[in-house]
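Asks: One structure is given below, represented as structure tokens, and several questions about it will come after.
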Amino acid sequence: MIGASLSGLDTVTGLVVAAFVVAFAGSAALWWIYFDRSAEASARRIATSPDPGRLERSDYHFIHSIMVAGIIVAAAADEEVLTHPLAAGEAATTWMTLGGAALFLAGHALFKAVVWRVTPWSRTWRSSYLRCWGGLRRTSQRWRLGSARLVEMGVITSRSHPAHT
């Protein structure tokens with residue numbers, strides 16, 4: 001989606017290219033958080049569960065839709081950032097940019113809570129942080145909001161624990 005947005009622009013400036021790199025890296029970070037360890041580890045956990053059907057239904061049918069919704073919202077925000085990177089982040093754009101990542105993190109925290117029965121406080125705190133920060137930063141330029149999301153996703157991926165992250 002972000003590649004199509006970039007190729008559809010009449011003028012591509014250095015700031016637009018930077019916004020594209022931030023959007024791409026932010027999208028990759030969202031996928032990395034899940035696929036780095038969680039997908040494979042959860043499949044093993046479900047396979048050894050006494051009730052794999054219940055766990056799989058809760059995990060893959062209900063909770064994954066929250067994470068996917070977060071990714072979709074973040075992608076829609078990335079398109080807005082690419083088309084007008086210097087525009088002020090109106091409330092809707094700000095909430096999409098930071099709220100998409102927060103929604104993904106909330107879904108991932110719920111995923112971990114159901115599969116491993118642990119509360120991932122770091123994901124829960126960061127999800128809340130992104131939502132609050134979004135409410136306070138409505139006047140930031142859109143590319144800055146995307147950069148803030150990327151930095152937060154980078155912190156999360158760099159601090160992932162080897163066990164069930």
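Here, each number is a calculation from the coordinates, and none is a lab measurement. On a predicted model such as this, the values are computed, not experimentally measured, just so you know. Heads up, the Cβs are rebuilt from the backbone with ideal geometry, glycines too, and the neighbour counts pull from every protein chain shown.
Asks: Could you give the nm distance between label points at Ala43 and Val21, where each point is 7 Å from its Cα heading toward the beta carbon?
Replies: For the pair Ala43/Val21, the computed spacing is 3.4 nm.
Asks: Determine ³J(HN,Hα), in whole Hz, for all residues of the range 87-97 in sequence, where each value follows from phi through the Karplus function 6.51 cos²θ - 1.76 cosθ + 1.60 and θ = phi - 60°; x replaces Gly and Pro.
Replies: 5, 5, x, 5, 3, 5, 5, 4, 5, 5, 4
Asks: For Arg57 and Ala28, what does the FRET efficiency come to when R0 = 41 Å and r is the distance between their Cβ atoms, rounded to the nearest 0.05? Please list the in-between numbers first.
Replies: Values: r = 29 Å, r/R0 = 0.71.
Once rounded, the FRET efficiency stands at 0.90.
Asks: Right, next: Going by how many other beta carbons lie within 10 Å of each one, how would you line up Arg54, Arg117, fewest first? Present the calculation step by step, with values, prior to reporting the outcome.
Replies: Details: Arg54 12, Arg117 8.
So the ranking, lowest neighbour count to highest, is Arg117, Arg54.
Asks: For the residues Thr13, Thr93, what sequence is obtained by ranking on other C-beta atoms within 10 Å, fewest first?
Replies: Numbers: Thr13 11, Thr93 22.
Final ranking by Cβ density, sparse to dense: Thr13, Thr93.
Asks: Here's something else I'd like to know. In whole Hz and in residue order, list the ³J(HN,Hα) couplings for the range 11-26 that follow from phi through the Karplus curve 6.51 cos²θ - 1.76 cosθ + 1.60, θ = phi - 60°; x for Gly and Pro.
Replies: With coefficients 6.51, -1.76 and 1.60, one gets 10, 10, 9, x, 5, 5, 5, 4, 4, 5, 4, 5, 5, 5, 5, x Hz.
Asks: Classify the range 15-74 as rounded, prolate or oblate from the Cα gyration tensor: take a ≥ b ≥ c as the square roots of its eigenvalues, call it rounded if a/c is under 1.5, otherwise prolate when a/b beats b/c and oblate if not.
Replies: Working: a/c = 8.01, a/b = 2.46, b/c = 3.26.
Verdict is oblate for the range 15-74.
Asks: Moving on to the next point. For the ranges 46-52, 73-79, 26-32, what's the packing order if you count other beta-carbon atoms within 10 Å of each residue, average per peptide, and put the highest first? Before the final figure, lay out the partial values.
Replies: On the way: 46-52: 11.0, 73-79: 21.6, 26-32: 19.0.
Packing order, densest peptide first, comes out as 73-79, 26-32, 46-52.
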